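Chemist: Below are the structure tokens for one structure; questions will follow.
The values are calculated or read from the model by the stated rules, or taken from the named source; none is laboratory data. Because the structure is a prediction, the values reported are computed rather than measured. Cβ: placed from backbone, ideal geometry, glycine included. Neighbour counts: every protein chain shown.
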Amino acid sequence: MRSVLLALTDEIRRLKASGVKTISVSDDSLATLHRLVESQQAAAGSSATAPIEPPAPELPIGESRMAVSSLRQPANAAPRLLPPPPDVVLPIGDKTARWQALRELVLNHPVCQAHVRPGKQVVFGVGNLDARILFVGEAPGAEEEQQGEPFVGPAGQLLTRMIKAMGLERSEVYIGNIMNWRPELPSRADGTQVGNREPTLEEIAFCLPFITAQIDVVSPAIIVALGATAARGLLGPHNVRTMGDVRGRWHDFRGRPLRVTYHPSYLLRKVVEGKIPEQRAKRAAWEDYLAVMERAVLPITDKQRSFFLQ
């Protein structure tokens, strides 16, 4: 609850500093905000006119610390409040039992379900529960929310090819996302959403415990963060201003080595836009994959070392 108020306060301040003088807030959002404030005041034993505690500089999320002011909300994000990040407690058992319990929790979570459009699905991670390499992406897209599986669209096809180039099959790794539903945007009259957007601070914070729990269950030797959003979620946005800040070196996530590389959709988009030649784009990402292969002690042939070179 407090995290929601802090994020909202910070965003209003950011908008004011950027010159925005008015914002539109729905009656439902106002009612929700009033309930949150009243609940906080009641819990603290304060009067109805008592001021809200000033925002703290950082908000704890599990074992990551996410600087509230460092992650800007997308301008076209749907202005919806979310509850605090959930506490994920899994039953005692083997990997399969714990993963199944986690999957059921996420797929049937009322907050996740509330953000899925009619006929679409909440998306949970897939792959080998004994995988040594675990990939973390951003959020589901159109194909993913239709099939209920991460990375099945064009970006997923490119990721699959890169995994094969490593000498692995997709079934040998684990693939998940920071978010479990497709970030909402206005839709056509027929209910079809047009385009995608980056997750907001609230969305990342809410879903982060779910991917963290998946990492704990799988217990991979290496984590690969695909894109800036995944990197910000796992490393904290205050550590990820640009991809250049985090690419090319190893990081730590809860005691596990983490490597950051480009999201496959970024590579596809830049190639289509003509901003990066295809070979150059893939080679830049492939150097990250080579580093992962070396850390995982996978065999690397001379041919693999020369992939995507001119």
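Chemist: Hey, among Ala225, Ala142, Ala165, which residue is closer than 30 Å to Thr301 by Cβ, small (Gly, Ala, Ser) and surrounded by fewer than 19 Cβ atoms within 10 Å (Cβ to Cβ)?
Modeler: Values: Ala225 fails: surrounded by fewer than 19 Cβ atoms within 10 Å (Cβ to Cβ); Ala142 fails: closer than 30 Å to Thr301 by Cβ.
None of the other options fit; the residue is Ala165.
Chemist: Looking at segment 244-296 only, could you name the residues that are of a type in the set (A, V, I, L, M) and touching a strand residue (DSSP E or B) at 6+ places or on another chain (Cβ under 7 Å)?
Modeler: Restricting attention to segment 244-296, the residues satisfying the condition of being of a type in the set (A, V, I, L, M) are 246, 258, 260, 267-268, 271-272, 276, 281, 284-285, 290-293, 296.
Of everything in segment 244-296, those that are of a type in the set (A, V, I, L, M) and touching a strand residue (DSSP E or B) at 6+ places or on another chain (Cβ under 7 Å) turn out to be Val246, Leu258, Val260, Ala285, Ala291, Val292, Ala296.
Chemist: Listed residues Pro85, Pro57; which is surrounded by fewer than 17 Cβ atoms within 10 Å (Cβ to Cβ) and either modelled with pLDDT of 95 or more or out of contact with any His (no Cβ under 7 Å at 6 or more places or on another chain) (or both)? Outline the logic, then answer.
Modeler: Details: Pro85 fails: surrounded by fewer than 17 Cβ atoms within 10 Å (Cβ to Cβ).
Matching residue, one of Pro85, Pro57: Pro57.
Quick grid of which residues meet (1) in a loop (DSSP other than H, G, I, E, B); (2) surrounded by fewer than 21 Cβ atoms within 10 Å (Cβ to Cβ); (3) under 16 Å from the mean Cα position of the chain (by Cα); (4) not assigned by TED's automatic domain parsing to the domain that holds Arg283:
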position	(1), (2), (3), (4)
Pro118	yes, yes, no, no
Leu129	yes, yes, no, no
Gln146	no, yes, no, no
Pro150	yes, no, yes, no
Glu184	yes, yes, yes, no
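Residue-wise test of (1) of a type in the set (Asp, Glu); (2) out of contact with any His (no Cβ under 9 Å at 6 or more places or on another chain).
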{"residue": "Asp94", "(1), (2)": "yes, yes"}
{"residue": "Pro110", "(1), (2)": "no, yes"}
{"residue": "Leu134", "(1), (2)": "no, yes"}
{"residue": "Glu138", "(1), (2)": "yes, no"}
{"residue": "Gln147", "(1), (2)": "no, yes"}
{"residue": "Val152", "(1), (2)": "no, yes"}
{"residue": "Ala165", "(1), (2)": "no, yes"}
{"residue": "Met179", "(1), (2)": "no, yes"}
{"residue": "Pro183", "(1), (2)": "no, no"}
